[in-house]
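In what follows, a structure is listed as structure tokens, so that the remarks can point back to it.
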Amino acid sequence: SSGINAEWPYGRGPRLLFVFQSNSASMHLPPKKGRQGFNQQCKRLGLEMETQIFHIFRKCRLLPKQASRGAQDLAHLPPPNELREPFVLFLDGKGRPSSESPSFKHVDTALYYISQLSATAPQYVQDVKEDTMTLGSFLKRNVKNLRNQVLQEKEDGVTFVPLGEWYSAAILLYSFYCHADNDANFSENGPAKIIMQLDPEGQYSENRCQKAYPVASAAYMDSLPSHYTHAIHQRQLQHALHILRSRAKGPAFSTYAAKLKEDCDAIWEDGRKGCESISLTGNACVLPLHDSARVHSNRLRMRSACSCGRSISYRSDPFTLESANHEFYMSLSDKCCSTLPQHRLFGRNQLSWMICNIGPASSYQTTMGIEQPGFLLGSQYLLPWDLPPDEAWAPEPKNAWRGKRSVRCYVGYEYECSKGHRFYCSAGGAPVKGSPANMIKENSGGNNVMSDMILYTTCPSHTNKPLLGQLMRIVVCSPEQVSLSVCLNVSYRNIRISLTAPDNVQIPGGKMTVIRLPYVYCDESDNPLPFDIEAYLCKGALIPMRSNRRRNDKK
């Protein structure tokens, strides 16, 4: 009923012809006299253009490697040859000479010529001169050449399609491919399959992407925990896209990249989202996404000493200032620190610190150092702190101390890493190294008190992967005639934090006293400060004074 020959699917692919209306490039050719010279220039330019077009089609795989004119070919394009009829035409800028048909547009003109060439009695075409550079002569020569080629090859059953029949077939194909409402399956997949058949480069890209996609998808799932944060999701997604990009090529990559992102997002959002909360030490919570009723956890545990330092236990990575500076030490207090004679807790907002008297000053033995667990060998010794009697540290007149010997105290600034290693440091952050045979006698403890002590330094026990040691305690032994005023101030960049304002805290003489510092510091708005090596405990943390008890005893 359509009037289309049933043998069309077994025919040949169309022959391509190229017509360029604008010929501005000919203006740059060497000038020659007359119309004949101009035609020769256009012919040479057309041959160069044919060479470029042919190689572009071949490189893009739009033409078969071997000569073929089957129905499965996209089109037929012969190799460039000066002895063959050219398939490129350059008009002279006027379009079509006025001697030809009335003023049609070029597309209409081409259809008009083809219809005449397809007719049984092409009277008009016979009047077209073949030796002119016009659109009519160009079409006539190519059609004639095609007819002669078919006759020479003696192929039976080969016929030329009339324009009317070709037009009817084109209308039916367009309606079937683009408006196939009666076949939903074809309307979804049919055009894509047709495009693949007509686009070898796209088909090659599609095959590469199909092979690369499972590998990229597996790369996303590699080593993923059951729940993870958005940052881990993005990191794995970028890794998967990198794998896909390294294996997939061509125009189909963008489609498969979008599909990979969509699938990976779906995997993460399907019950695998992790809690986004970060601990005060910078580690993420590993629990599934949860509400505030559940306590955060990342399953990290650090060894830490109690407030007085006599026992060590494991602590969870804290997510709040309360758990960092108070709850952990209170959990150990009932077993250790609370049994001490004097145990006082101080705090401002969420910054809690503690003072513990762990014994008399005479209990410290210079040959043994501090006998508590966790200290690195040789770093458990307090440093001597000599107080000249004529120095203005005492509230009494200087002449009251004249002729008397200097007073010796012992002080240590203790650092602790996450593995529970403990060590004292001197001014500048260098670990103390001593032994019973090589006692520390110089007044190095006084240098510590009168210097800004760095809050964070490298733990000397780890050389391959150094850990950060934090200033956690100040231990001081003073004779009975010397009491100490505690003035704790922390400097972090441009922030100064006072732990003892408005009044300093007094500790009596004749005692071995431990001052436990906060585990995490915060600003005035209770925002935690990050661990940073540019943070300091300001100098003057211990201010010596005459002991009131000693003065009363003399009276």
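Side notes on the structure shown:
- Largest to smallest in accessible area, the residues MET450, MET472, MET368 fall in the order MET450, MET368, MET472 (1.4 Å probe, all protein chains included).
- Residues whose amide H comes within less than 5 Å of that of LEU542, counting only those at least five positions distant or on another chain, are CYS487 (H built at 1.01 Å from N in the peptide plane).
- Put SER525, SER279 in order of accessible area, highest first, and with a 1.4 Å probe you get SER525, SER279.
- Listed values for region 239-245 are Karplus-derived 3J(HN,Hα) couplings in whole Hz (6.51 cos²θ - 1.76 cosθ + 1.60, θ = phi - 60°), namely 5, 5, 5, 5, 5, 5, 5, and x replaces Gly and Pro.
- For CYS417, net neighbour charge (Lys/Arg +1, Asp/Glu -1) across residues whose Cβ lies under 15 Å away: +4
- Remark: accessible surface ordering of SER304, SER331, SER362 (largest first) is SER362, SER331, SER304, probe radius 1.4 Å.
- Estimated FRET transfer efficiency when R0 is 45 angstrom, pair ASP291-ASN447 (beta carbons, to 0.05): 0.30
- Which listed pairs, of LYS419/LYS511; LYS273/LYS419; LYS511/LYS539; LYS335/LYS419; LYS249/LYS273; LYS433/LYS465, have C-alpha distances above 25 Å, in listed order: LYS419/LYS511; LYS273/LYS419; LYS249/LYS273
- Hydrodynamic analysis of region 308-377 uses the Kirkwood radius over alpha carbon pairs. Inserted into Stokes-Einstein at 4 °C and 1.567 mPa s, it gives a translational diffusion coefficient of 93 µm²/s.
- ASP263 - accessible surface, heavy atoms, 1.4 Å probe, Å² rounded to 10: 50
- In the context of the full protein assembly, GLU371 retains an accessible surface of approximately 140 Å², using a probe radius of 1.4 Å and ignoring ligands and nucleic acids.
- Distance between the pseudo-spin-label points of CYS538 and VAL19 (7 Å out from Cα toward the beta carbon): 9.1 nm.
- Accessible area per residue was computed with a 1.4 Å probe on protein heavy atoms; LYS259 scores about 90 Å².
- Converting phi to 3J(HN,Hα) with the Karplus coefficients 6.51, -1.76 and 1.60 and the offset θ = phi - 60°, region 467-474 yields 9, 8, x, 10, 5, 10, 8, 10 Hz in sequence order, with x at every glycine or proline.
- Whole-Hz ³J(HN,Hα) from phi, Karplus 6.51 cos²θ - 1.76 cosθ + 1.60, for region 353-359, glycine and proline x: 9, 9, 10, 10, 9, 9, x
- Residues with amide H under 5 Å from that of CYS425, placed H, sequence gap 5 or more: TYR413, TYR415, VAL432
- Taking amide hydrogens as placed 1.01 Å from N in the peptide plane, the amide H of LEU387 sits under 5 Å from those of VAL407, ARG408, CYS409, each at least 5 positions away in sequence or on another chain.
- Whole-percent carbon and sulfur share, accessible surface of region 240-284, 1.4 Å: 52
- Charge tally around MET472: other residues with Cβ under 13 Å, Lys/Arg +1 each, Asp/Glu -1 each, net +3.
- Subtracting the Cα-Cα distance of ILE232 and LEU467 from 0.36 nm times their residue separation leaves 82.2 nm of extension gain.
- Placing dummy labels 7 Å off each Cα toward the beta-carbon, the span from ARG245 to ALA169 is 4.6 nm.
- Label-to-label distance for SER498 and ARG44 is 9.4 nm, based on points extended 7 Å past Cα in the beta-carbon direction.
The values are calculated or read from the model by the stated rules, or taken from the named source; none is laboratory data. None of the values given here were measured: they were computed from a predicted structure. Cβ coordinates were reconstructed from backbone atoms using ideal geometry, including for glycine residues, and neighbour counts include every protein chain displayed. Side chains are part of the model used for accessible areas, which takes the heavy atoms of the whole protein and leaves out ligands, DNA and RNA. Shrake-Rupley method; radii C 1.70, N 1.55, O 1.52, S 1.80 Å.
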